[in-house]
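Student: Shown below is the structure under consideration.
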Amino acid sequence: MVKIFINNSLMKIVGIITLSLSITLYMPKTSISEINLKPENTRQKKTSFFTIKAVGDIVLGTNYPDYRLPQNPQELFPKSIRNLLQGADILFGNYESTLTKHPHSSKDVSKGMVFAFRSPPEYAKLLPQVGFNVMSVANNHAMDFGLLGFEDTVKNINSAGIKAIGEKNKIVYSQVNNIPVAWIGFCFYNYCNQVQDINKAKELVKQAQKRAQIVIISMHIGGEGKDALHVRDRTEFFYGENRGNSLLFSRTMIDAGADLILGHGPHVPRAMEVYKGKLIAYSLGNFLGYKTFSTVGEKGNSLILEAKLNQDGDFVSGKITSLRLNKQGIPQVDKSHQTSKLVNFLTKNNFPKGKLTITSQGEVIINKK
């Protein structure tokens, strides 16, 4: 009986094998291909990237306390500069003025080194014309015309189709190549998200991470002028004001989960570094300051930063396009690449063990060693 059982089992097994072979022989080739490829496709992970171009401080001229507006506003952005601003998923800048008709400034400009800037509200339309889609309003000129002037500025920027970032306790969200991105703007005054309040800043980053895959920080921070070229791990003061510790703030934000730090405020370019795979641009300098900014020395060195990030927010590659502000504060292409050379010098000097090199042509390279 045992022998008969084995034979019957073998016959069943042979029958099953034969039936399987028969089904396989007559199965359509497309079905076989789909079955074979499915496990391999499941294991593949699609990598997404996006590029951002970023510039520093922008003042489109002022009509306060005296009239310093261009005869033709279009001249503020020469064609060569307009072309250079194209080609990225995001174009970011720091709007260091107001867009309002409010008549009363909150500052006493009769005092030395006190400035108030006011541009016509219709000038907001100039910004999307050249490609800007994100603009920080967190800086020390945001309240030049009080709360009403600030609210006007935010309203006019948003109405122009640009995301205004930097309102206190506010996180702005956007989609970039199907990647959810969060934006938070900081400055050193209490009407902003303050760079001095590290714990609150960390809370905002953690909150942003709940809805976004990438968190980008704009920081208006540090001293001003030629004496503020270098990044140091200490609190910076300017005319007695505590203007934060840019190194401590930037690295702490990345430790908390931020992916890119865009700095401005010193009115000069500063060093860059890659920290835990994330790019920190400590200052983008002045970009456009029509008859408002000094263009002497390094204050006239300007740039357009282009950075490529992956879907995890890690820095992949970048480029600095060197510009030079003319005497009126309008950017011009600098074929001698002075800004990229300056930023490379500062980067090597301030972060001698860092991973970045900026070539004379402006390529931002991560050193493998």
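The values are calculated or read from the model by the stated rules, or taken from the named source; none is laboratory data. Just so we're clear, the structure is a prediction, and the values are computed from it rather than from any experiment. Every residue, glycine as well, gets a Cβ built from its backbone with ideal geometry; the counts of neighbours run over all protein chains shown.
Student: Here is a list: Ser302, Ser317. Which entry is assigned by TED's automatic domain parsing to the domain that holds Leu229, under 29 Å from Asp233 (Cβ atoms), touching a Phe, Trp or Tyr at 6+ places or on another chain (Cβ under 8 Å) and not acidic (Asp, Glu)? Talk me through it step by step, then tell me what you get.
Tutor: Working: Ser317 fails: touching a Phe, Trp or Tyr at 6+ places or on another chain (Cβ under 8 Å).
When all the criteria are applied, what remains is Ser302.
Student: Next question, about the same structure. Can you tell me which of (1) closer than 29 Å to Leu76 by Cβ; (2) surrounded by 18 or more Cβ atoms within 10 Å (Cβ to Cβ); (3) among the hydrophobic types (A, V, I, L, M, F, W, C) is the one Leu148 doesn't meet?
Tutor: Going through (1) closer than 29 Å to Leu76 by Cβ; (2) surrounded by 18 or more Cβ atoms within 10 Å (Cβ to Cβ); (3) among the hydrophobic types (A, V, I, L, M, F, W, C) one by one, Leu148 breaks only (2).
Student: Related question: Of everything in region 111-138, what is over 16 Å from Thr62 (Cα atoms), among the small types (Gly, Ala, Ser) and assigned to a loop (DSSP other than H, G, I, E, B)? Give them in sequence order.
Tutor: Scanning region 111-138 gives Gly112, Gly131, Ala138.
Student: Related question: If you scan region 344-369, which residues turn out to be touching a Ser or Thr at 6+ places or on another chain (Cβ under 9 Å) and either more than 16 Å from Thr321 (Cα to Cα) or crowded, with 18+ Cβ neighbours inside 10 Å (or both)?
Tutor: Hits for region 344-369 are Asn344, Thr347, Lys348, Gly354, Leu356, Ile358, Gly362, Val364, Ile366, Asn367.
Student: Any residue at all in region 197-210 that's touching a strand residue (DSSP E or B) at 6+ places or on another chain (Cβ under 7 Å) and part of a loop (DSSP other than H, G, I, E, B)?
Tutor: no
Per-residue answers, yes or no, for (1) in contact with a Leu (Cβ under 6 Å, 6 or more places away or on another chain); (2) farther than 14 Å from Gly313 by Cβ; (3) modelled with pLDDT under 95; (4) of a type in the set (Gly, Ala, Ser):
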site	(1), (2), (3), (4)
Val215	no, no, no, no
Ser218	yes, yes, no, yes
His230	no, yes, no, no
Thr252	no, yes, no, no
Asp259	no, no, no, no
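Student: In region 155-170, what residues are within 20 Å of Val130 (Cβ to Cβ) and in contact (Cβ under 8 Å) with a residue 12 or more places away in the chain? Walk me through how you get there before you give the answer.
Tutor: Going through region 155-170, the residues within 20 Å of Val130 (Cβ to Cβ) turn out to be 156-165.
Within region 155-170, Asn156, Ile157, Ser159, Ala160, Gly161, Ile162, Lys163, Ala164, Ile165 meet the criteria.
Student: For region 284-298, indicate whether the set of residues that are farther than 27 Å from Arg118 by Cα, among the hydrophobic types (A, V, I, L, M, F, W, C) and in the same structural domain as Gly354 (by TED's automatic domain parsing) is non-empty. Walk me through how you get there before you give the answer.
Tutor: First pass over region 284-298, keeping only residues farther than 27 Å from Arg118 by Cα: none.
Checked region 284-298: no residue is farther than 27 Å from Arg118 by Cα, among the hydrophobic types (A, V, I, L, M, F, W, C) and in the same structural domain as Gly354 (by TED's automatic domain parsing).
Residues are listed down the side, and each one gets a yes or a no for (1) exposed (fewer than 15 other Cβ atoms within 10 Å of the Cβ); (2) among the polar types (S, T, N, Q):
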residue	(1), (2)
Ile52	no, no
Thr62	no, yes
Pro65	yes, no
Glu75	yes, no
Pro78	no, no
Ala88	no, no
Thr98	no, yes
Lys107	no, no
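Student: Let me ask you something else. Does at least one position in region 293-303 carry a residue that is buried (at least 21 other Cβ atoms within 10 Å of the Cβ) and closer than 15 Å to Ile216 by Cα?
Tutor: No, that holds for no residue.
Student: Within region 199-230, how many residues are surrounded by 17 or more Cβ atoms within 10 Å (Cβ to Cβ) and touching a helix residue (DSSP H, G or I) at 6+ places or on another chain (Cβ under 8 Å)?
Tutor: 8
Student: In this structure, does Gln175 turn out to be touching a strand residue (DSSP E or B) at 6+ places or on another chain (Cβ under 9 Å) and either touching a residue at least 24 places away in the same chain (Cβ under 8 Å) or among the hydroxyl-bearing types (Ser, Thr, Tyr) (or both)? Steps first, answer last, please.
Tutor: Values: touching a strand residue (DSSP E or B) at 6+ places or on another chain (Cβ under 9 Å): yes; either touching a residue at least 24 places away in the same chain (Cβ under 8 Å) or among the hydroxyl-bearing types (Ser, Thr, Tyr) (or both): no.
The answer is no for Gln175.
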